[in-house]
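Reading through the structure tokens given below for one structure.
The values are calculated or read from the model by the stated rules, or taken from the named source; none is laboratory data. Computed from a predicted structure; not experimentally measured. Ideal geometry is used to build each Cβ from the backbone, glycine not excepted, and the neighbour counts take in all protein chains shown. SASA here: full protein model, heavy atoms, side chains in, ligands and nucleic acids out. Shrake-Rupley method; radii C 1.70, N 1.55, O 1.52, S 1.80 Å.
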Amino acid sequence: MNLLVLATKAPWPSIDGGRFLLRNTLEALAAGGCRTTLVAPVDPGQFDLDRVAAELSAWCVPRLVPAAPARPAAALLRSFLGVPFSIARHSLALVRREVERSLAAERFDLVHAEQLQALPQAEPAFARGVPVVLRAQNVESDLWRATAGRRGGGRGRALALEAVRLARWEGEAVRRAAATLALTAEDAARLQELAGGNGRIRVVRAPFPALPSAEGRLPGEPAVVVFGSRGWLPNEDSVAWFLAEVWPAVRSELPGAVLHLFGAGAGEPGAQGVVVHPSPADSAAAFPPGSILTVPLRIASGVRIKVLEAWARGVPVVGTPAALSGLEVGEGEEALVARDPSEMAQAIARLHREPGLRERIVTAGRTARLERHDPARVARDLLAAYGEVLAP
């Protein structure tokens, strides 16, 4: 099968969950025998285009476009005309022209648009009658709506308006696409609702490969790892809540604990027992032996790729119900579920003090990764979904 994949960002370096998901998908499709061409923008101010292309060439034919997202002011102007802000930021004429050139140069069986924001770049494919499959990494409008509910004043109202616009765009996207692939059953049901029941939606889980255990250790007894992300509001909210309400409870229970915040702009370097790290060039640095991954998200959709990496590397996980939704986690099985600061502090303390519990959680996580997210199995599911689209 010959695929053209459209994305809003190149999946290397894999410095966030969305990039990691696309990278794993391209690698799984290549192993499954697909020929894949990737069209994606690369901000030349951040990354070296040739280096990114060289890294991606192992899994796909990279056709990278030197372009950055539209300036916020320009995107905001378009939003006044009814286009969602996040859609406007990623609607790039240079990328669409590369898509048009690619479609003119060779025949593709179908086009795979990675995330709602990549779908506008698929207009040349719609015009040519090439089937377009949308993979929704999450339900965008629900994320914005939930974030608006935690903000006040003018910013909260602006976020709520964006959520309304995105909901309308998501419904239309599902109706237009030949098929929509959701990562979870919850997301699939919500997308079907937004489309008014008029859409072909399939659940295909996120692929994640087996990975070796990381080396070295992080300071702390225990070392608690939390990921932040500048500019991504759900992560900003989770970090602020964890620092203000959860971390004091953890330090009271475990005075030797050290919190390691990974991600630019994440957290407050002056807080007691807190070490702030930039996003690691090699993600293994955030999953060393003895650490505990904590995912305090209160706003979530899709799946947390970092949880899958923790399962792959043998690191136990503590997360909120929102953070673990969609991963089919059993209570106290593949992860410990914590609903408030006290429960989160107690869960971290138990994993530190009870080696038997820690080992059971790690073993169950490894099994879940293998049984539900093995790349070869997910590639077969993807190809089956593509095949349904191409069937007469």
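Looking at Ala10, is it aliphatic (A, V, I, L, M) and open to solvent by 40 Å² or more (accessible area, probe 1.4 Å)? Steps first, answer last, please.
Details: aliphatic (A, V, I, L, M): yes; open to solvent by 40 Å² or more (accessible area, probe 1.4 Å): no.
Judged against the criteria, Ala10 is not a match.
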Exercise for review: Would you check if there is a residue in the stretch 25-46 being more than 30 Å from Ala384 (Cα to Cα), out of contact with any strand residue (DSSP E or B) (no Cβ under 9 Å at 6 or more places or on another chain) and hydrophobic (A, V, I, L, M, F, W, C)?
Suggested key: no
Review point. If we scan the stretch 14-21, do we find a residue that is in contact with a Pro (Cβ under 6 Å, 6 or more places away or on another chain) and part of a helix (DSSP H, G or I)?
Key: yes
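Mind telling me which of the residues Gly290, Gly326 ends up being touching a residue at least 40 places away in the same chain (Cβ under 8 Å), at positive phi and under 17 Å from the mean Cα position of the chain (by Cα)? Give the steps one after another, and end with the answer.
Working: Gly290 fails: under 17 Å from the mean Cα position of the chain (by Cα).
So the residue among Gly290, Gly326 that is touching a residue at least 40 places away in the same chain (Cβ under 8 Å), at positive phi and under 17 Å from the mean Cα position of the chain (by Cα) is Gly326.
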Review point. Gly171: surrounded by fewer than 21 Cβ atoms within 10 Å (Cβ to Cβ) and touching a residue at least 12 places away in the same chain (Cβ under 8 Å), yes or no?
Key: yes
Review point. Quick one: how many residues across the stretch 338-348 are open to solvent by 30 Å² or more (accessible area, probe 1.4 Å) and either free of Cβ contacts under 8 Å to residues at least 24 places away in the same chain or among the aliphatic types (A, V, I, L, M) (or both)?
Key: 3
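Take Val5 and decide whether it is farther than 22 Å from Leu383 by Cα, modelled with pLDDT of 95 or more, open to solvent by less than 10 Å² (accessible area, probe 1.4 Å) and not polar (S, T, N, Q).
Values: farther than 22 Å from Leu383 by Cα: no; modelled with pLDDT of 95 or more: yes; open to solvent by less than 10 Å² (accessible area, probe 1.4 Å): yes; not polar (S, T, N, Q): yes.
When the stated conditions are applied, Val5 does not pass them.
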Practice item. State whether the residues of the stretch 243-255 include one that is at pLDDT below 95 and under 30 Å from Ala376 (Cβ atoms). Key: no
Review point. From the set of residues in the stretch 13-30 that are at pLDDT 95 or above and among the aliphatic types (A, V, I, L, M), which is surrounded by the fewest Cβ atoms within 10 Å (Cβ to Cβ)?
Key: Ala30
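Picking from Leu327, Leu293, Leu308, Leu351, which residue would you name as being within 23 Å of Val378 (Cα to Cα), out of contact with any Gly (no Cβ under 6 Å at 6 or more places or on another chain), modelled with pLDDT of 95 or more and open to solvent by less than 10 Å² (accessible area, probe 1.4 Å)?
Details: Leu327 fails: modelled with pLDDT of 95 or more; Leu293 fails: within 23 Å of Val378 (Cα to Cα); Leu351 fails: within 23 Å of Val378 (Cα to Cα).
Of Leu327, Leu293, Leu308, Leu351, the one residue that is within 23 Å of Val378 (Cα to Cα), out of contact with any Gly (no Cβ under 6 Å at 6 or more places or on another chain), modelled with pLDDT of 95 or more and open to solvent by less than 10 Å² (accessible area, probe 1.4 Å) is Leu308.
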Study note, to complete from the structure: Note: among Val226, Val258, just one is of a type outside the set (Asp, Glu) and either on the phi > 0 side of the Ramachandran plot or crowded, with 22+ Cβ neighbours inside 10 Å (or both), namely Val226
Review point. Before we move on, is Ala195 in contact (Cβ under 8 Å) with a residue 12 or more places away in the chain and under 19 Å from the mean Cα position of the chain (by Cα)?
Key: no
